[in-house]
1. Failed condition for CYS3, given (1) open to solvent by 70 Å² or more (accessible area, probe 1.4 Å); (2) hydrophobic (A, V, I, L, M, F, W, C); (3) not in a loop (DSSP other than H, G, I, E, B), with all others met?
2. For the subset of region 16-25 comprising residues that are open to solvent by 40 Å² or more (accessible area, probe 1.4 Å) and of a type outside the set (S, T, N, Q), which member is farthest from the chain's Cα centre (by Cα)?
3. Does region 187-202 hold any residues that are touching a residue at least 24 places away in the same chain (Cβ under 8 Å) and in contact with an Asp or Glu (Cβ under 8 Å, 6 or more places away or on another chain), and which are they?
4. Could you grab me the full set of residues in region 101-123 that are crowded, with 22+ Cβ neighbours inside 10 Å and not in a strand (DSSP E or B)?
5. Conditions: (1) modelled with pLDDT of 90 or more; (2) among the hydrophobic types (A, V, I, L, M, F, W, C); (3) over 18 Å from the mean Cα position of the chain (by Cα); (4) open to solvent by 50 Å² or more (accessible area, probe 1.4 Å). VAL139 meets all but one. Number of the miss?
6. Only one of these conditions is not met by TYR80: (1) in a loop (DSSP other than H, G, I, E, B); (2) at negative phi; (3) open to solvent by less than 20 Å² (accessible area, probe 1.4 Å). Which number is it?
7. Quick check on THR43: is it surrounded by fewer than 20 Cβ atoms within 10 Å (Cβ to Cβ), touching a residue at least 60 places away in the same chain (Cβ under 8 Å), farther than 25 Å from ALA192 by Cα and of a type in the set (Ser, Thr, Tyr)?
8. Identify, by number, the condition in (1) closer than 24 Å to ILE122 by Cβ; (2) more than 14 Å from the chain's Cα centre (by Cα) that GLY71 doesn't meet.
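The values are calculated or read from the model by the stated rules, or taken from the named source; none is laboratory data. Values in this document were obtained by computation on a predicted structure and should not be read as measured data. All Cβ positions, glycine included, derive from the backbone under ideal geometry; neighbour counts span all protein chains shown. Surface areas here come from the heavy atoms of the whole protein model, side chains and all, with no ligands, DNA or RNA. Shrake-Rupley method; radii C 1.70, N 1.55, O 1.52, S 1.80 Å.
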Amino acid sequence: DECVIKYVRVEGDNVRHVSVDSNNNVWTGGYGGNTFDLVQGSTGAILATFDVGCGSYGGLVDANGVVWSSGRSTGQLLRYDTKKTTTTADDTWQCIPSPGAYGMGIDSGGNIWNAQWETSTIRKYDPAGNLLGEFNAGVGGGDTGGARGAVAVDFDDNVWVANSLTDSITRLKNDGSFVATVLVGSHPTGVAVDKNNFIWVTNLSSHTLSRIDSTTNAVDKTVDLNAVKW
């Protein structure tokens, strides 16, 4: 496939976390053993490796070079401060309690929003890792519904959470208060925001994309991926 630029073998097993830092280097995390690798973006060389026993299910790198990563099986949220260097010698970290830690997003203030698998709630942490609040994020808990998928924060700092088993997206204000529930396709698992502040949702079981107009809280477009000619 001509779209593949590099194929890199990393130390992590069952890689779930992939995020890009400000230097265009890539952090990968293996869910099978909590092992992270820092991959040089242009060459594919492994620059650093660490395992602190939590994280690696998914996450992001913030503007300060801190790697945030969910650890669903450990019930913890990793805050790993890289000090914006490629060496791990001076790095510091925390494994913060966060039951069922799953999808994650970041707002304009650098606050981390982490959805909880079992309880259908979402937690808000400040940039230092302090818990600011926990809010209802959907319908049902665990295998009955809410907060099972991805999290995205739009340009107005509203928080959007995928509720995989109720086929819906929950919208919250930045203070955690409820705004709306939007029905989408079957089993939504991914959420993203485009440059026009539309919310895009990937629906695993219906093989569709739903686009939500954030001004109306309604789906205004559905794309059938089975019909797309690649």
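1. Tallying (1) open to solvent by 70 Å² or more (accessible area, probe 1.4 Å); (2) hydrophobic (A, V, I, L, M, F, W, C); (3) not in a loop (DSSP other than H, G, I, E, B), CYS3 fails exactly one: (3).
2. Only one residue tops the list, namely VAL20.
3. Within region 187-202, PRO188, VAL193, ASN197, ILE199 meet the criteria.
4. Scanning region 101-123 gives TRP117, SER120.
5. The failed condition is (1).
6. (1)
7. Considered against the rule, which asks whether it is surrounded by fewer than 20 Cβ atoms within 10 Å (Cβ to Cβ), touching a residue at least 60 places away in the same chain (Cβ under 8 Å), farther than 25 Å from ALA192 by Cα and of a type in the set (Ser, Thr, Tyr), THR43 comes out as no.
8. Of the numbered conditions (1) closer than 24 Å to ILE122 by Cβ; (2) more than 14 Å from the chain's Cα centre (by Cα), the odd one out for GLY71 is (2).
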